[in-house]
1. Any residue at all in region 103-114 that's exposed (fewer than 15 other Cβ atoms within 10 Å of the Cβ), of a type outside the set (Val, Ile, Thr) and at pLDDT below 70?
2. Go through (1) under 16 Å from residue 112 (Cβ atoms); (2) part of a helix (DSSP H, G or I) for residue 67 and report which single condition fails.
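The values are calculated or read from the model by the stated rules, or taken from the named source; none is laboratory data. Here the structure is a predicted model, which means the values were calculated and not measured. Positions of Cβ are backbone-derived with ideal geometry, glycine not excepted, and every protein chain shown enters the neighbour counts.
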Amino acid sequence: MNSLKMDFLSSDALISRSSMEKVSMIVDRVKDGDLIVLEGGLTPEEEAELIETTMREIDIENFVGIDIYTLEKDKVSFFGLSRKKTVGLTIIGPANIMSTVKKKSNFLSMIANLGDTGASMH
């Protein structure tokens, strides 16, 4: 039976970790074929480090990289004059199984392809 393991992590679960600890934890889990769903997201620096680390770890037979999808929400100021995007949810997973079906500012639809992708099955 093909299945996909998804880890849901609250922002509180990551706040005490250093940037390198977050990146290492994410890369290790994604290399195992897991999908990570983060409440909130990573800082731009952490996301850059995640991509850089992933590029060093790529092995065409076992690990082809990651995909990152972010679902943002508008945060309106007190007077309703300015809008600021804040990250609501971030999904990180193996590039060989994740496919975006549809993405809008407040909606994300995905398919995980578990067929002959070589992805880890749990």
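1. Yes: region 103-114 contains one or more residues that are exposed (fewer than 15 other Cβ atoms within 10 Å of the Cβ), of a type outside the set (Val, Ile, Thr) and at pLDDT below 70.
2. Evaluating residue 67 over (1) under 16 Å from residue 112 (Cβ atoms); (2) part of a helix (DSSP H, G or I) leaves (2) as the failure.
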